[in-house]
Amino acid sequence: MREYVVNLFEFARTGMIAEGDLPVQELPRMLTEVPAAVPVTERLAVVFHWRAQGFEHSEHRADGGVAMRQYLRLAVAGDMWLECQRCMTPYRHPMATETVFEVVRDEAQADACLADDTLPEAIVGSVNFDLVELVEEELLLALPLVPKHEVCPEVHASLVTGADGQAEQVPEEEHDKPSPFAALAALKRTPGSGGK
């Protein structure tokens, strides 16, 4: 497993940038989210690209002085295999997240930031900060609560049953609903509707 351990305070102070590609097998908690039905070759193809950038921002204090606040911007993107909760089949779910964190010295500062919802999320920095661990945390937080296709190829038999307890054939949504454009075209063709 590749390591991206940095001094986060120095990373922010100098405006450093780090980026890379992480296969899902290097993210053990994300790996457990991949459905067992996904073939090994497809599972190994899941890769997330991430980019971290540190920066500082000056802020005027009430006493007239200037304080430097440190930040980390983290962006992560990639496609993740999940199991659709409607049709119970695996599908590729696009994921993209970008977060700005304030880098603080201790938990007390982090709690103070948490109490003020006008401030960005805070993370406690260290001289041995693991960027990969933060990448995985962000991906886990970005997972949908109820994974599902936008349009399922079919509905799982366990979700739809007929009056006799047998599974019914469920037509696709597109076939069930008439097109609003078709209805409009029919209206325009009706005599006296104003259409030509």
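The values are calculated or read from the model by the stated rules, or taken from the named source; none is laboratory data. The model shown is predicted, which means the values in this text are computed figures rather than measured ones. No Cβ is skipped: glycine too gets one built from the backbone with ideal geometry, and neighbour counts run over all protein chains shown. Side chains are part of the model used for accessible areas, which takes the heavy atoms of the whole protein and leaves out ligands, DNA and RNA. Shrake-Rupley method; radii C 1.70, N 1.55, O 1.52, S 1.80 Å.
At a Förster radius of 45 Å, what calculated FRET efficiency corresponds to the Cβ-Cβ distance of residue 154 and residue 5, to the nearest 0.05?
Values: r = 46 Å, r/R0 = 1.03.
After rounding, the FRET efficiency stands at 0.45.
Once amide H atoms are built 1.01 Å from N in the peptide plane, which residues 5 or more positions from residue 79, or in another chain, come under 5 Å H to H?
When sequence neighbours closer than 5 places are left aside, the close amide H contacts are 47, 95.
Distance between the C-alpha centers of the stretch 62-86 and the stretch 102-151? Whole Å please.
Distance between centres, Cα-based: 7 Å.
Determine how large the accessible area of residue 126 is when every protein chain is in place; take a 1.4 Å probe and give Å² rounded to the nearest 10.
40 Å²
Tell me the relative contact order for the stretch 78-136 as a rounded percent, counting alpha carbon contacts under 8 Å between residues six or more apart.
25 percent
At a Förster radius of 25 Å, what calculated FRET efficiency corresponds to the Cβ-Cβ distance of residue 18 and residue 47, to the nearest 0.05?
Once the sixth-power term is evaluated, E becomes 0.90.
Starting at the first residue of the stretch 79-90, write each ³J(HN,Hα) from the Karplus equation 6.51 cos²θ - 1.76 cosθ + 1.60 with θ = phi - 60°, in whole Hz, x for Gly and Pro.
Taking θ as phi minus 60°, the curve returns 9, 10, 6, 9, 9, 5, 7, 8, 10, 6, 10, x Hz for the stretch 79-90.
Between residue 68 and residue 146, what is the label-point separation in nm under the 7 Å Cα-to-beta-carbon projection?
Modelled inter-label distance: 4.9 nm.
Determine the distance separating the Cα centre of the stretch 1-27 from the Cα centre of the stretch 45-61; give it in Å without decimals.
The stretch 1-27 and the stretch 45-61 have Cα centres separated by 10 Å.
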